[in-house]
Amino acid sequence: MTTPPTFTLTINGQDQTYTRDKEGKRQAILDGLRDVPLLTVGDNSYLPHDAALQVVAAVLYPDGIETTEAYHLVCQVTDRACGHIGFGAEVQLEPPEVAFDRRGSYHPQLPPLDEAEIQETLANAGTDSHAPSQLMARTVVWQKAAWQRYNKHLSALTTSEREAIETQVDEIATGAGWEIENSFYIRPLPADLEKARLGLIRFLSSMDGRPLLPAELMRQATLGAYGRVFYNLEKAAPALRNLITITLTDYGYESEAQDGLYYPLPLPVAEATWAELPALLQTLTPAETVHGPGLLVSDVETAVKQLTGRDTISEWQLENLIATGPVGRALVRLGYRASLTWCESYQFQPPLETRGRRRVLLKEVRITRDQNKKIGLASGLSVYTPALTLDDKEKTLVYLEMVGAKQSARANWAALMGKGQSHWIERRQVALDGMKAHVKLQSRLPCGWHHMVLIHKQASLKEMNPEQPFYLLDNGRQPIPPLFYPMLNKALALPLLPDWSDYLWQYGRQRKLITLLDDGKGQGYAAWQVKPAPTVWQEVVQAGIVSRQIAF
């Protein structure tokens with residue numbers, strides 16, 4: 001690192017060293033002028049002009065002044081420097097006012113500004129509409145000082161007089177805690193931290209643990225600290241910002257915003273503890289609704305509190321645990337949806353006595369077993385359908401049972417298998433191309449009726465084509481359809497183990513390899529479609545082995 005050049009000036013009989021740059025020369029001139037002996041005449045003091053010139057010339061031109069321009073520069077700098085330290089414009093003193101040998105040019109020492117009056121002027125500064133601070137134009141205070149000292153308007157002063165006013169007022173203002181920004185004096189407003197803390201507590205309590213916008217958080221803090229909101233909050237007191245950080249931590253939030261939000265901290269619960277949740281949820285009694293059975297969210301919340309040992313869990317934390325966390329994974333494992341459904345009191349069976357909506361986690365598969373359900377595909381003839389499951393996207397039947405008189409059963413069967421025929425079954429179109437994609441099973445019941453079963457080949461372990469998507473029939477009594485592992489194992493060349501079924505089911509659904517048909521509804525059975533995508537399933541297996549969720 002290069003050391004800047006320096007020079008020496010004798011001040012108070014001692015050599016002082018200064019850097020040879022603009023700031024160093026400026027300080028040397030001011031120190032040198034303050035060291036010049038003053039002339040006292042009556043009650044007034046004067047700074048000799050020639051001595052002041054000598055100080056400035058020694059600093060600016062130590063080797064001597066060689067040009068007219070240099071001399072004029074020394075004169076200009078001398079006038080300004082004298083004004084800076086409180087001396088006025090050059091005047092002539094002659095006998096009898098001074099002795100003959102002291103006649104000459106002098107700078108009179110100006111009376112000091114009334115600091116109390118300057119402070120009073122600053123105290124009347126208004127509040128900035130953008131930031132929590134007082135604000136006053138510097139010219140307003142300078143004008144006040146000009147009338148105080150010279151009884152003149154600021155514009156009527158000489159350059160040195162004006163600079164003296166500006167310098168001294170700036171020193172008074174900064175000494176009182178004001179900052180100078182361009183043409184304004186600015187001082188931060190005092191923050192009422194206790195009111196700010198109470199305001200933050202009220203706000204955080206009302207948010208019930210949801211993510212927070214930084215701007216709204218600062219808005220609530222400034223309302224308490226300053227009694228109003230400001231547009232620009234970058235200049236809020238550091239103590240206020242520190243208070244926000246402390247309060248966020250106390251209420252279980254991250255101290256730094258992520259993606260434009262302050263998020264609650266995750267619950268400090270070990271993974272082994274969450275592993276006990278499915279067994280605890282199985283003890284809950286599902287509520288019956290018009291949409292099928294489901295768990296009340298309030299019951300799930302109680303179970304989570306019991307498991308984690310917490311007295312309170314915020315609404316947002318619970319919703320997050322259900323949507324993407326371990327609670328949702330436990331619900332899916334038990335065959336429930338990891339999404340909330342609102343049910344009115346009259347939608348429960350029987351209806352609830354108290355009015356109002358309840359949040360419910362419905363069963364993923366919602367089976368109806370209507371013994372009186374019929375279809376009539378042949379004109380004037382109908383049969384009972386104990387089971388009916390469709391793939392409305394493919395316009396096909398996954399599983400169908402028909403029970404009825406021989407003539408009615410055969411007539412409906414013939415109508416269903418008619419080439420080029422399509423039918424509307426429960427408001428969904430079905431178009432079969434004969435028996436190419438299905439298997440037929442039939443028997444005669446003791447009562448003389450016929451029992452016919454139509455099953456899609458891709459829903460049969462024996463008949464399925466391993467290279468095509470296959471169907472799983474689900475009776476809603478088990479979280480995972482029984483044929484999931486056997487059919488997936490047949491469809492993939494990958495080595496799979498039966499113990500992996502839970503993992504493969506969970507992550508197969510996450511990767512959209514397993515999808516629920518017809519929103520999980522079905523008569524007797526619902527159906528899932530599984531895609532035998534070897535590359536994606538291999539990624540799922542590899543990820544499970546690496547994370548030690550499955551092992552050979």
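Each reported figure results from applying straightforward, stated rules to the coordinates on display, with no laboratory input. As the structure is a computational prediction, the values presented were derived from the model and not from experiment. Neighbour counts are summed over all protein chains in view; Cβ atoms, including those assigned to glycine, are modelled from backbone coordinates with ideal geometry.
Structure notes:
- Cα centroid separation, the stretch 122-169 to the stretch 188-249 (Å): 34 Å
- For the chain, the longest principal axis of the C-alpha atoms and the axis of helix 193-207 are separated by about 20°.
- Each of L213, L488, L381 was placed along the dipole of the chain (beta-carbon charges, centred on the mean Cα), and the one lying farthest toward the positive end is L381.
- Checking the cross-link pairs K393/K490; K373/K462; K393/K440; K25/K152; K393/K457; K25/K144 against a 27 Å limit on the alpha carbon distance flags K373/K462; K25/K152; K25/K144 as lying beyond it.
- Interchain or long-range residues, amide H under 5 Å from S45's placed H: Q109
- For peptides 382-392, 272-282, sequence by mean Cβ density within 10 Å, most packed first: 382-392, 272-282
- For the stretch 379-388, Karplus couplings with θ = phi - 60° (6.51, -1.76, 1.60), whole Hz, Gly/Pro x: 4, x, 10, 9, 9, 6, 10, x, 9, 8
- By the equivalent-ellipsoid construction on the alpha carbon gyration tensor, the stretch 248-378 comes out with semi-axes of 34, 16, 15 Å, ordered largest to smallest.
- Rounded tilt (10° steps) of 159-175 against the dominant C-alpha axis of the chain: 50 degrees
- Estimated 222 nm signal from helices in the chain, with DSSP H stretches of n ≥ 4 weighted -39500 (n - 2.57), rounded to 500: -11500 deg cm²/dmol
- Semi-axis lengths (Å, descending) of the ellipsoid that matches the C-alpha gyration tensor of the chain: 94, 27, 21
- Amide proton proximity set for F470, modelled H, under 5 Å, gap of 5+: V530
- Partners of K195 within straight-line reach, counting lysines whose Cα lies under 25 Å from its Cα and excluding those fewer than 8 residues away in the same chain: K235.
- Candidate aspartates and glutamates - alpha carbon under 16 Å from K512, same-chain residues fewer than 8 apart omitted: E364, D502, E539
- In terms of packing, defined here as the mean over residues of other Cβ atoms within 10 angstrom, the peptides 85-92, 490-497 line up highest first as 85-92, 490-497.
- Burial ordering of C343, C447, C82, fewest other beta-carbon atoms within 10 Å first: C447, C343, C82
- The peptide list 32-38, 6-12, put in order of mean Cβ contacts within 10 Å with the highest first, becomes 32-38, 6-12.
- The charge dipole of the stretch 6-108, taken about its Cα centre with unit charges on the Cβ atoms of Lys, Arg (+1), Asp and Glu (-1) only, comes to about 240 debye.
- Which of Q282, L295, Y346, positive extreme of dipole for the stretch 247-406 (C-beta unit charges): Y346
- Residues H49, H72, sorted so that the one with the fewest Cβ neighbours within 10 Å comes first: H72, H49
- Couplings for the stretch 333-342, taken from phi via the Karplus curve 6.51 cos²θ - 1.76 cosθ + 1.60 with θ = phi - 60°, read 4, 8, x, 9, 7, 8, 9, 8, 10, 8 Hz in order; Gly and Pro are left as x.
- Think of the stretch 98-210 as having a plus end and a minus end, set by charges on the Cβ of Lys, Arg, Asp and Glu; of A173, V98, Q143, Q143 sits farthest toward the positive end of this dipole.
- The C-alpha atoms of the chain define a longest principal axis, and helix 214-226 lies at about 50 degrees to it.
- Whole-Å semi-axes of the stretch 374-459's equivalent ellipsoid (Cα gyration tensor): 20, 14, 11
- Three-way shape label, the stretch 397-539, alpha-carbon gyration tensor, a/c 1.5: prolate
- Between D101 and F552, the contour length at 0.36 nm per residue exceeds the Cα-Cα span by 151.2 nm.
- Among T285, T78, the order by Cβ neighbours within 10 angstrom, fewest to most, reads T285, T78.
- Descending principal axes extents, the stretch 1-103, alpha-carbon based, whole Å: 58, 31, 22
- Placing +1 on each Lys and Arg Cβ and -1 on each Asp and Glu Cβ, with no other charges, gives the stretch 470-546 a dipole about its Cα centre of roughly 120 debye.
- Every Cα-Cα pair of the stretch 115-188 was included, and the share exceeding 16 Å stands at 44 percent.
- Assuming charge only on the beta carbon of Lys and Arg (+1) and of Asp and Glu (-1), the dipole of the stretch 303-343 about its Cα centre is about 200 debye to the nearest 20.
- Local net charge near T3, Cβ-Cβ under 15 Å (Lys/Arg +1, Asp/Glu -1): 0
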